[in-house]
Each structure stands twice: as structure tokens, then as C-alpha cells.
Amino acid sequence: MIKEILKNIISKTHVIPFPEGFRISPEEAAKGMNFQERIDKVFGRSLRIRQVDAGSCNACEWECTALTNPIYDIQRFGIDFVASPRHADALLVTGPISRQMELALKKTYLATPEPRLVIACGDCAIDGGIYKDSYAVTNGVANVIPVDCYIPGCPPTPVGIILGLQQLLDKLTGE
Amino acid sequence: MDYILRKAIKTKENLNEIYMEVSGYDFRDSCVYIYEKKNAILRLMFATDERPVDGSFRIYTVFSIPGDERLFIIVLSLKEPDMTFPSITPYIPAAHWYEREIRDMFGLIPEGHPDPRRLVLHDSFPAGSYPLRKDWNVIERDMKEWGEGKAVKEPYKFMEVEGEGIYEIPVGPVHAGIIEPGHFRFSAVGETIIFLEPRLFYTHKGTEKHFEKIGFTEGVRLSERVSGTSSFSHSAAYCMAVERMTGLDITENAKAIRTLLLELERLYNHIGDIGNMCAGTGLAVGYARGAVIKEHLMQLNERLTGSRYLRGINIIGGVRKDVFIHRDDLISTIDAVTKEYKEMMKLLLDTISHVERLENTGKLSNEIARKLGVTGVAARASGINDDMRKAHPHLLYGRLDFEPHSMSRGDVFARMMIRAEETECSISIVNSLLENSYKGGLVAEMKEIPPYSSAFGYTESPRGSMFYWVMSDENGEPLRVKLRAPSYCNWPAVPFAVHGNIVPDFPLCNKSFNLSYSGCDM
Ligand code: SF4
């Protein structure tokens, strides 16, 4: 354990190597360069997201969790997931909004301080996805609370979510 | 078995499934007989609305007997207006949720069940909605009037613990972490949990009814989306059920690919879970390492199948892609992962502060695990050596050389070590699968689905035993699809495991079970 910590302190290079499988096109990378700059500008250096699962199959959540692993490490852009809607700038909602989660989602939305953004993440959150028109779902976030940005995919990959957040920034900065 | 056969009014055999239909109180007696005298495990229990076929509802209770590959199904049929059946819960506690579910979804009343509350449906569903009945349909107007707090109302009563110094902590359904929704109500004295009552089914999406609507072929896609991290196990079990129903035999090659991918799914789950447990003890290094290895495996999944969650591979009759063409990539990635994983385990087991938190925390006794019908890692960590890959060999598991492990201590540490042993077992299964080549193409020709036929599909998912049961109607469309995810069996055990622990250890206990909400809630 101590060895592990020392190794991390001493070595200047990445202890965990960047995996080969991490594919991202040059344009995307170029766009990502000013990502942090723009977050600094729009959100005063930090974008705090509260993730709300409203009936998802849990794959969407795992991709959000993957964003915080050492490989994607989304915190380096100033983005982080927070524990309470009261600390959040944005809600990231996944799942087709099951009827039994509808009320909880509304309450979470009301608990988020304004101005609040809502991101619908995953095909289910967009229009119910594969669960569309089942008796127990409400066919997407927009039927329950207003949505600012959609991220498609089932589930969207971690890179897909980062790109989706860029889209949100584009919209906010009017680019 | 003669005891039941003598009482049976109808019997049917299909592959390894033995159906025995009995009537009235014989139903309860037969179930109790097989459970007590034959030491059988209750695998699942479900109802069907077969009124379009012969005017009756049916209840199926599925048992398997250790050392016997067959499934024994005791069936009871009910004709209107008699909508009650004798509850078996007082004798077989593992049936408690199944019977409540049957009451919610079909309106069939288990007489003598100790808990009269609803299970699956919350207040947002008006009293008298029985979604799985064939003649139940929602109309637009009803939908508008629904919504939590609007419709009437069978208010849910939480159990109350009274006494000096006892206070309640309600948590959820929206939690602090990036996890699924569920409500937990702790009754504690100081820091010690006296009683925990979970209320789940917030993510209930009407999956079983939806299966009936979208047809068998589309059903594969839906089964992949029941529970994210067991996508492949779900679709493999579902496809197996439909294939067995139509009498379709898949090729050896397809079997090998399914077996391989099932093991890859187990690998990324188990390693990820071991890492996640570190988050419960605050060991950030272990958590990060687990996450990195998991990410490597997910990226391998993507290279093999195009999906990080192994979706889009299974189809009825076989698989879509040949993953053996990536043999070199598989071998080198698995080698690298094995090395990293061993380093991680060494790091974890050498960290005394971590191990001490795990030992004797969240103990689940063998007796309770047995009574509640716990499955998977949690069962094996509490001394029940039950693994579907051995108990009911399917795909290529009958040919592979491996041993399921079990431990008797039943604590969080045991659940971690069982995962560790199974990780190594999966690595060796993957390696031995890669040594051979397999005959046949990828997909077998689809056959017509015969009317009114049914079959089971099952597998051992990373979380435990998983079952699907499908039945076709007169046109070969789905009449009923029953799914039983392992988390459904294990959730009721969590309150017993956390009893007497401190509240801050709850996340750790919970992570050691790693249950799916979506799979359980259907
Ligand atoms: S979009 Fe796909 S991955 Fe996300 S919750 Fe829905 S089914 Fe699951």
C-alpha cells in the first residue's frame, strides 16, 4: 500500500497508462481542448451534475460512473457528479421515467437551484427507447420536466456523454 | 416423486422439464413435500393468464433437486370465480415475494400469506389494476389520472420498530451516488441497525407485459435491456428459452461463443465489484484499480462485439458475430488483465485496514440464505454450493472442467473471496475455450413457433441464477414471458445481512451483494 502511494508520488508519468482502445477522432480532440476553458467561462470553473436514475436499466449509470474512472477522469475538466440536487447545476436523467419514479424526479427537479439544466441521457430518457408505450413508463424526460440537451445512445459511451456535454456548452455559449 | 405423481391430474414432459398439475390443497402439500423431503430449491414461482387457451389461470412453482438435472414444476390451475390459492409461504419462506407479485399482477390471492401489502405496484397504480391479466389495458384517460399521489391509493405501511432510543432514517429513492433508485428505511439505536426495510420496484417498467407486446424476435433486444451489467446473461437465457420452445438446436460454434461471452461478462462484473467494495471502505487506490481493469474489459467487449455491454450479439438461433476471429486480441488482453488483477488482489489482501472492515461485516447465515432462496455469489459465500452451470449444465458447461467454490462464513469478506475465485475460474474457462475450434455456423435456421408451447431458459449470470419462461399463443406470438433475475431472490436477504451492523457499513454490505434494481423490479 505504502509502496503504491510512493510510486504515485515519485513518478511524474502516468502510473495508469492511457489505453489503446480509447479512440477519439482528431476533430473531437481539438474540440475537447477548449472544453475546460469554456466550462470555466460559463459555469465559473465547475459544472456540477446530479445524476438521477428514473427507471434505467443501469447501463447508462455505469457509463456515468466510468467517466469518473482514471481513464476518462472527467473531473479534470471541472465536471463532477455531486450527491445532492441542491449542489447541482444540472440534472442528468436516465431511464424512460417509470411511473413510480415520476414524483421523485419532479421533487428532485424542484430541489435543484435555478437556473437549472436538464440533460436527458440515453435513448430511454429521450422517448422511452425500447420501453416506449409500456404501461409503466412515461416515454421520456420531456413529458415530466423541461429538457435542455439530449444525449443519444443505448447506452451512450463515456466519450459520447462528454461530447453531449460539449453540445450543451455550444448551446449555452451560442456557438 | 411418486407421492406427487399419485396426486397429479396431468403430467407433461418437455426436455428436462417435468410438469405436474395438481389441484387444491394438494398443491401446497406437493410443494412442501418436495421442499422438505427432497431438499429442493425453489427456483421461481409465477402465474399465467391462460384464459384464452382453456379458461384458467395457472400457477407454476419450479423446483430443482440437488444432483438432478431436471426441473420439477408443480402446477395449479384456477378457474373464475375462485381466485384464491393456498399460500406456501408459511412453509417455504422463499415464496413470499413471488406470491405477493402474483397478487399484484394477476389479482390471485394467496390465502394465508402473512403480508397483505402490495409489492410491485406502488400508490400510482389504482387499486384493482392487474397489469398481467390479458384483458387489462390502460386507456389514455387512466394514464392522465395516475401518477404518484393522485390515484387511489392502497397506502403502503412501513413496519415500525418501537422502543426507547430507536429512531428512523429514511433514505432514497434518489440516492447520493450514481446508483439506481430504491427506498430504505433504517431503524437504529445509536449507530446500530436494528431493522432495515427496503422498498423497491421504483424502476418497474412493465417489462413482462412489454415482452408480450413486442413479439419474440424483438424480445431479444428487450431482454438485453432488463439489467445493464447482465445484458448478455439475460439475452442468452431468453434466447435459450425460445430455442427450446421451438425445438431448435444451436450449433456448437454458437454455444462456444455464448459460453465465452458469459464468462467475459462475469469477469468484468466480478472485478468491477471487487473494486467497488473498496469504495465502501474508503480505499481509493483499490477502487481506481478495479475501475481501470473493468474499463479494459469493457473496451475488449466493444472490440469483440461492438458493444461495451455485449449487446446485439444474441439472436434466436445463435449469435450474430464470430468472436473467435479476435483470438489474438482476446489472449493478449486477458493475459494483461490477469496480471493487473493479481496485483490488485495482492494489494487488497495486504491492506489490513481494508480486510478488517470486510471480516465479520454483513453476515448472512446459511440458514437464512437457504430459507430465502438466496442465489449466486451471496449463496456460495454462505455455504450453499449452487451454480446453474453445474446444477443444470447448458451450452458447453457440461464439457468444461471447473468447480464452483463455496465458503461458510457468509460475511462481506467471503463474498469478495468467492468473486476472486470465480474470476480465476472464468479466466481459465476463457483460456480453455480459446484452445479449441468449434463446428458449425453462427445461426441455425429459425423454425416456426408451435402454438401453445412453452419452455425454460436459464443460465448463471454474474449475480446468480437467472430464469426465463416463455409461452406462445395460438399464432406463435408470446402469451407470457416470465423473467426471474437473481437480484429478485437476493434483495430480501440484505436486511438480514445488515442487522446488527452500523449504518455506515450499509453501503459496503450493499456493494458486496451488488444487486440490480432494474432486474428485480422488471
Ligand atoms: S438507454 Fe439503453 S442503456 Fe440507457 S437505460 Fe435505456 S435501455 Fe438502458
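The values are calculated or read from the model by the stated rules, or taken from the named source; none is laboratory data. Only a predicted model underlies this, so the values are computations on that prediction, with no experimental measurement involved. All Cβ positions, even for glycine, are placed from backbone atoms using ideal geometry, and neighbour counts span all protein chains on display. Note: areas computed on protein heavy atoms with side chains; ligands, DNA, RNA excluded. Shrake-Rupley method; radii C 1.70, N 1.55, O 1.52, S 1.80 Å.
Looking across segment A:74-83 at every residue that is of a type in the set (A, V, I, L, M) and surrounded by fewer than 19 Cβ atoms within 10 Å (Cβ to Cβ), the one that is farthest from the other protein chains (Cβ to nearest Cβ) is identified as A:V82. For segment A:107-127, a tally of residues being touching an Asp or Glu at 6+ places or on another chain (Cβ under 9 Å) and basic (K, R) returns 1. Within segment B:293-307, if we keep just the residues that are more than 25 Å from the chain's Cα centre (by Cα) and not aliphatic (A, V, I, L, M), the residue that is least open to solvent (accessible area, probe 1.4 Å) turns out to be B:Q299. The set of residues in segment A:128-139 that are among the β-branched types (V, I, T) and facing chain B (nearest Cβ under 8 Å) comprises A:I130, A:V137. The condition of being more than 13 Å from the chain's Cα centre (by Cα), within 16 Å of the ligand (Cβ to nearest atom), β-branched (V, I, T) and crowded, with 18+ Cβ neighbours inside 10 Å does not hold for A:V93.
Restricting B:I59, B:I41, B:I18, B:I73 to residues that are open to solvent by less than 10 Å² (accessible area, probe 1.4 Å) and closer than 20 Å to B:D386 by Cβ narrows the list to B:I73. Based on this model, can you work out whether A:A125 counts as within 11 Å of the ligand (Cβ to nearest atom), open to solvent by less than 50 Å² (accessible area, probe 1.4 Å) and away from chain B (no Cβ under 11 Å)? Yes; evaluated as a whole, the condition is true for this residue. When segment B:65-82 is filtered for residues that are part of a strand (DSSP E or B) and touching a His at 6+ places or on another chain (Cβ under 9 Å), only B:L71 remains.
In this structure, does A:L117 turn out to be touching a helix residue (DSSP H, G or I) at 6+ places or on another chain (Cβ under 8 Å) and either modelled with pLDDT of 90 or more or not β-branched (V, I, T) (or both)? Spelling it out, A:L117 is indeed touching a helix residue (DSSP H, G or I) at 6+ places or on another chain (Cβ under 8 Å) and either modelled with pLDDT of 90 or more or not β-branched (V, I, T) (or both).
The set of residues in segment B:362-371 that are part of a loop (DSSP other than H, G, I, E, B) and open to solvent by 10 Å² or more (accessible area, probe 1.4 Å) comprises B:K363, B:S365. Scan segment A:83-90 and give yes if some residue there is out of contact with any helix residue (DSSP H, G or I) (no Cβ under 9 Å at 6 or more places or on another chain), away from the ligand (no atom under 16 Å from the Cβ), in a helix (DSSP H, G or I) and basic (K, R), otherwise no. Checking segment A:83-90: not a single residue is out of contact with any helix residue (DSSP H, G or I) (no Cβ under 9 Å at 6 or more places or on another chain), away from the ligand (no atom under 16 Å from the Cβ), in a helix (DSSP H, G or I) and basic (K, R). Within segment B:293-311, no residue that is outside the structural domain of B:S227 (by TED's automatic domain parsing) sits with its Cβ atom under 6 Å from a residue that is open to solvent by 10 Å² or more (accessible area, probe 1.4 Å) and away from the ligand (no atom under 15 Å from the Cβ) at 6+ positions apart or across chains. Is it the case that segment B:372-379 has a residue that's of a type in the set (S, T, Y) and not in a loop (DSSP other than H, G, I, E, B)? Taking every residue of segment B:372-379 in turn, none turns out to be of a type in the set (S, T, Y) and not in a loop (DSSP other than H, G, I, E, B). Among the residues of segment B:230-253, those identified as at pLDDT 90 or above and either at positive phi or within 14 Å of another protein chain (Cβ to nearest Cβ) (or both) are B:S230, B:S231, B:F232, B:S233, B:H234, B:S235, B:Y238. If you go through segment B:394-426 and pick out every residue that is assigned to a helix (DSSP H, G or I), without any contact (Cβ under 8 Å) to a residue 60 or more places away in the chain and of a type in the set (G, A, S), you end up with 1. Scanning segment B:308-336 for residues that are open to solvent by 10 Å² or more (accessible area, probe 1.4 Å), aliphatic (A, V, I, L, M) and not in a loop (DSSP other than H, G, I, E, B) yields B:I315, B:I325, B:I331, B:A336. Please verify whether B:A378 is under 17 Å from B:W491 (Cβ atoms) and touching a Phe, Trp or Tyr at 6+ places or on another chain (Cβ under 8 Å), treating the condition exactly as stated. Yes, satisfied. Here A:T173 does not fit the description of being free of Cβ contacts under 8 Å to residues at least 24 places away in the same chain and away from the ligand (no atom under 16 Å from the Cβ). Out of all the residues in segment A:84-121, which are more than 10 Å from chain B (Cβ to nearest Cβ) and within 14 Å of A:G153 (Cβ to Cβ)? The answer is A:I119, A:A120, A:C121. Restricting attention to segment B:161-187, the residues that are in contact with a strand residue (DSSP E or B) (Cβ under 6 Å, 6 or more places away or on another chain), farther than 23 Å from A:T112 by Cβ and either assigned to a loop (DSSP other than H, G, I, E, B) or open to solvent by less than 30 Å² (accessible area, probe 1.4 Å) (or both) add up to 4. Based on this model, can you work out whether A:P156 counts as in contact with a helix residue (DSSP H, G or I) (Cβ under 6 Å, 6 or more places away or on another chain), within 11 Å of chain B (Cβ to nearest Cβ), within 16 Å of the ligand (Cβ to nearest atom) and assigned to a loop (DSSP other than H, G, I, E, B)? No.
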